[in-house]
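Working notes, beginning with the structure itself.
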Amino acid sequence: MGTLLDLYKFPQISYGPFDSILSDKVQFPYIYQMAPKDSSLHQGVVRLIVYFEWNWIGLIVSNDMRGEKFSWEMKEEMVKNGVCLSFTEKIPVSERRHMESYENFMPRILASSSKVIVIHGDTDSLMILRYSQFHFFVIEKVWIATSHWDITMRPLHINGYIFKGALTFSYLTNEIPGLKTFLKAVTPFKYPDNILLRGFWLSAFRCSDQPKNPEQEICSPNASLAILPLCSFDMTISGLSYTIYNTVYAVAWALHEMFVRKSEKRTIEDEEHLIPSPWQLHSFLKNTQFKNSAGDDVFVEESKSSEAQYAIMNYVIFPNETEALIKVGQFVPKVPLDNDFTIHVDAIEWGWWNSKVPCGVCSDSCGPGFRKTPLEGQPICCFECSQCPEGEISSQINAEHCTKCPEDEYPNKQRDRCLPKVVTFLNVQEPLGMTLALMAVSFSFLTALILWVFVKFQDTPIVKANNRTLSYTLLISLIFCFLCSLLFIGHPTVATCLLRQTVFGVVFTVAVSSILAKTMIVVLAFKGIRPGSRIRMFMHPRVSIYVVLFCSGIQVIFCALWLVISPPFPEADTHAEYGHIILRCNEGSDFVFYCVLGYMGFLALGSFSVAFLARNLPDTFNEAKFITFSMLVFCSVWASFLPTYHSTKGKAMVVVEIFSILASSAGLLGCIFIPKCYVILLCPDRNTLEQIQNKKDSRGKIFL
């Protein structure tokens with residue numbers, strides 16, 4: 001029709017929704033559009049969706065160019081804001097019967113998991129929605145209607161419950177002064193010649209001015225349009241009505257301007273040409289601009305028309321079944337970002353959800369401590385919630401990824417925040433550290449006391465019988481063995497880390513070497529009694545000292561190489577124990593550390609083997625049996641140390657090593673020296689030369 005009228009240069013004014021196709025002045029030079037431009041409508045709808053954190057949206061559009069354009073713009077804007085499209089329904093632009101809607105269209109909407117549905121199209125093209133009557137079903141959907149669809153228009157009042165709580169974008173307009181007063185006073189009796197008003201009045205009030213049967217009511221002269229329900233008549237001017245109002249005034253202004261120009265130039269001969277041709281109105285209409293009674297500037301020229309501004313209206317049905325469209329917000333494009341969109345959530349009635357904001361998401365939000373796991377073949381809005389892996393957290397809702405805590409922090413049980421790790425080490429002030437330190441000091445004091453006894457009774461046979469120099473050396477080394485365990489207690493420092501393992505290795509080697517020397521002397525003493533035996537040359541008193549020095553010297557070399565090549569150093573271990581920072585000494589080189597332990601084990605096994613071979617020698621003051629048992633205890637302790645040490649973490653490793661030091665040292669002290677102290681202090685009658693001679697065996701002699 002537009003193309004046909006253009007051929008005859010008939011000016012045409014469109015008061016319907018703005019259509020970008022009609023803006024082509026080459027194709028449609030005589031068509032003007034009075035509706036404001038809707039180029040930002042999709043942005044406002046998505047802003048509303050994002051504000052309420054909805055991301056699973058259904059879209060219903062009319063199957064025409066405007067619907068296609070809006071659908072494309074919506075999809076593009078939704079992708080930018082992380083909103084997903086559940087479904088798209090395109091409604092053919094034609095009248096649809098109720099049965100077809102009931103069987104095909106509405107069931108698909110009801111079956112959709114989306115609770116938020118956007119509707120775009122004019123009232124005529126979406127006729128199918130007006131006839132979708134589901135009186136016995138509660139349709140828990142949030143409807144968002146655009147500015148062109150009048151949500152209140154429907155054949156029956158009860159149909160409105162489907163759209164209860166809907167939000168609609170309407171043109172933001174100023175109130176026209178006097179309009180409501182005029183509408184309240186309008187009646188067919190006041191304007192009897194208005195046939196259109198009379199027909200609407202009879203239909204809306206269901207009355208008759210000339211009833212043909214008694215059941216028909218006579219129209220009351222006191223009736224008013226103000227008492228009609230919203231589905232029949234809206235006293236508030238709609239966006240479409242406001243556009244029509246401006247359109248009529250634009251034509252009136254153009255005609256007025258044209259007649260003024262004509263009257264200025266007309267002559268008596270031109271009276272017959274006073275009525276203008278339609279094409280003559282074009283130039284006047286194109287340049288028409290005025291300020292309407294609402295105070296808004298109106299331009300017919302599209303290039304001067306402004307961007308549409310929108311009021312967000314809430315469709316409310318009150319308990320008394322009256323209905324209203326209440327403004328709850330607005331969207332004004334082309335203004336600063338923080339001021340373009342406003343919404344009053346507390347003023348919105350959500351239909352079947354009362355005051356609670358509906359949840360329009362595909363998947364429930366993942367709380368802190370969880371991350372989103374995409375579902376294969378599903379949009380990004382559909383996901384599963386997976387707990388963050390151990391050692392990672394997420395403090396935000398719907399986190400895409402979990403993050404690791406800093407080295408000095410660890411996740412809490414909920415894995416939603418990092419907690420500072422507890423710095424821990426074997427502190428002398430805690431019960432365990434205090435107990436071990438007390439044990440070390442007590443054992444060293446006991447060893448010193450035994451040394452004092454041996455020195456005091458140094459001339460007695462039992463002390464002299466087993467090389468008292470080696471006994472003194474062994475006791476002194478045991479004192480240092482007990483005391484070196486104190487280096488393992490307390491805050492690790494560079495000095496303590498350098499000393500603890502090296503001192504431990506050297507003093508224990510001296511102790512084990514002394515035991516080895518004592519055992520060798522006992523064996524040599526009994527083997528060298530035969531005349532002409534070459535073993536006598538090894539029975540010099542200094543031989544035992546050489547054995548101790550040689551064996552200890554090798555260990556000293558090991559420790560010196562350790563300190564030079566890869567010395568121990570203090571470090572903070574953040575991974576050994578969950579939630580703790582372990583302050584410990586790094587051994588530097590595990591290989592050298594185990595070489596030191598292995599060398600001590602080699603000497604201990606040597607001592608045990610020699611003592612085991614000498615166990616059947618005469619037992620008067622013979623230490624072979626005691627040394628055998630002490631070495632058995634020593635080897636058992638350190639054999640169990642290795643697997644236990646590797647299976648523990650943190651300060652428990654230090655505790656295991658201290659316990660092994662104390663246990664093995666106490667085993668040597670108890671097995672070798674306690675029996676001698678018993679004889680010296682409690683049985684002095686057995687500590688005499690006569691007693692020794694009475695118990696002498698004919699197979700051996702005592703080495704004095």
| query | Which whole-number percent is the relative contact order of segment 400-448 (Cα, under 8 Å, 6+ apart)? | reply | 18
| note | Magnitude of the Cβ-charge dipole (Lys and Arg +1, Asp and Glu -1) of segment 370-420 about the Cα centre, nearest 20 debye, reported as 160
| task | Rounded to whole Hz and in sequence order, give me ³J(HN,Hα) for segment 650-657 from the Karplus expression 6.51 cos²θ - 1.76 cosθ + 1.60, θ = phi - 60°, writing x for Gly and Pro. | result | x, 6, 5, 4, 5, 4, 4, 5
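Rounded if a/c is under 1.5, else prolate if a/b is larger than b/c, else oblate: which is segment 370-420, with a ≥ b ≥ c the root eigenvalues of its Cα gyration tensor? Show your work: numbers first, answer last.
Details: a/c = 3.16, a/b = 3.02, b/c = 1.05.
Since a/c reaches 1.5 and a/b is larger than b/c, the shape of segment 370-420 is classed as prolate.
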| remark: In this structure, the FRET efficiency calculated for Ala252 and Thr123 from their beta-carbon separation, with R0 = 25 Å, to the nearest 0.05, is 0.45
| task | Using amide H atoms built 1.01 Å from N in the peptide plane, name the residues 5+ places from Val142, or on other chains, whose amide H lies under 5 Å from its own. | result | Val116, Ile117
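Using a Förster distance of 51 angstrom, determine the FRET efficiency expected from the C-beta separation of Asn287 and Leu228, and round it to 0.05. Walk me through the numbers before you get to the answer.
Working: r = 40 Å, r/R0 = 0.79.
In this case the efficiency is close to 0.80.
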| remark: The extension gain from Thr3 to Lys184, computed as 0.36 nm times the residue separation minus the Cα-Cα distance, is 61.1 nm
| Applying 1/(1 + (r/R0)^6) with R0 = 30 Å to the Cβ-Cβ distance of Thr236 and Ser112, what FRET efficiency is obtained, to the nearest 0.05? | 0.40
| query | With every protein chain present, what accessible area does Glu76 have (1.4 Å probe, heavy atoms only), rounded to the nearest 10 Å²? | reply | 90
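Just reorder Tyr310, Tyr410, Tyr546, Tyr191 by solvent-accessible area, largest first, 1.4 Å probe, all chains present. Display every interim value, and only then the final one.
Details: Tyr310 0, Tyr410 50, Tyr546 135, Tyr191 85 Å².
My answer, sorted largest first, is Tyr546, Tyr191, Tyr410, Tyr310.
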| said: Give the lysines whose C-alpha is closer than 27 Å to that of Lys464, dropping any in the same chain fewer than 8 places away, or say none. | reply: Lys456, Lys518, Lys527, Lys625, Lys676, Lys695, Lys696, Lys701
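Going by accessible area, probe 1.4 Å, with all protein chains left in place, what is the ranking of Lys69, Lys141, largest first? Working shown, then result.
Values: Lys69 90, Lys141 15 Å².
Of Lys69, Lys141, the descending order of accessible area is Lys69, Lys141.
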| field | Distance in nm between pseudo-label sites at Tyr645 and Phe87 (7 Å out along the Cβ direction from Cα) | value | 7.1
| Distance violations [Cα-Cα > 32 Å] among Lys25/Lys164; Lys90/Lys356; Lys404/Lys651; Lys90/Lys180; Lys115/Lys184; Lys37/Lys190 | Lys25/Lys164; Lys90/Lys180; Lys115/Lys184; Lys37/Lys190
| query | Which value in nm describes the separation of the simple spin-label points at Asp297 and Lys413, placed 7 Å from the Cα toward the beta carbon? | reply | 6.7
| field | Computed lengthening from Glu175 to Thr424, 0.36 nm per intervening residue step minus Cα-Cα distance | value | 82.2 nm
| How many nm separate the modelled label positions at Gln458 and Leu432, each set 7 Å beyond the Cα in the direction of the Cβ? | 4.3
| note | Extension length gain for Ala204 and Val335 (0.36 nm per residue less Cα distance), in nm, is 42.9 nm
| remark: Expressed in square angstrom to the nearest 10, the accessible area of Arg468 with a 1.4 Å probe stands at 80
| His646 accessible area, nearest 10 Å², 1.4 Å probe? | 120
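With an 8 Å Cα cut-off and a minimum separation of 6 or more residues, compute the relative contact order for segment 370-420 in percent. It would help to have the intermediate numbers written out before the result.
On the way: 88 pairs, mean separation 16.8, N = 51.
Once normalised by length, the contact order is 33 percent.
The values are calculated or read from the model by the stated rules, or taken from the named source; none is laboratory data. Keep in mind that this is a model prediction, so the values were computed, not measured. Cβ: placed from backbone, ideal geometry, glycine included. Neighbour counts: every protein chain shown. Heads up: the accessible areas ignore ligands, DNA and RNA and are worked out on the full protein's heavy atoms, side chains in. Shrake-Rupley method; radii C 1.70, N 1.55, O 1.52, S 1.80 Å.
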